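Laboratory data are not the source of any read-out in this text; all were calculated from the coordinates shown. Computed from a prediction, not measured in an experiment: that's the story for all the values here. Cβ coordinates were reconstructed from backbone atoms using ideal geometry, including for glycine residues, and neighbour counts include every protein chain displayed.
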Amino acid sequence: MRTLVLNAGYEPLAVVSFKRALILVLNQKATVLAGSGEQLVHSASEKFSLPSVILLQRYVRVPSTRNVPVSRRGVLRRDGYRCAYCQKSANTIDHVQPKSRGGKDTWENLVACCLKCNNTKSDKTLSELGWHLANPPRMPQGIAWTVRGAESFEPEWNDFLAMPAAA
């Protein structure tokens, strides 16, 4: 079970394990906003409802410009595990502008790629091969990319993710 962590301004910060969330609540560093009533954790002497959403007691500033760090897993996820060139299942990533020709490890230069296309492309540019990209790569945006640890959301988080930040 995963728990959504909100700062004191009700801005989503991270997704943590229920154990970490329970420790924050027991140490009075957070309060439970939503819990899973039917799922319980038992200690030697007490029962605790699993927290689904917790609110930190102290305000934690969320940087206004959150750049999503580039990762292999992130590129594959952004592109839906589909090859940018042939749309088949992708399991590698490719530099659109090859590194050997000055290409960088950026969201705008990396795409998901199948092994066949990756080997065919090698260190060539798209124009040399006559290939093109249907969708130009860019840095992903949205709350799913800025909340640390969140690749998918639990249904009970919807109300809290749509909640405007408190003034």
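Amide hydrogen proximity for residue 34: with H placed 1.01 Å from N in the peptide plane, the residues at 5 or more positions away or on another chain lying under 5 Å are 52, 53. The H on the amide N of residue 88, modeled in the peptide plane, is under 5 Å from the matching H of 83, each at least 5 residues off or on a different chain. With the simple spin-label model, which puts each label point 7 Å out from Cα in the Cβ direction, the residue 97 to residue 82 separation comes to 2.6 nm. Close amide H contacts of residue 57 (hydrogens built in the peptide plane, cut-off under 5 Å, sequence separation of 5 or more or a different chain): 30, 31.
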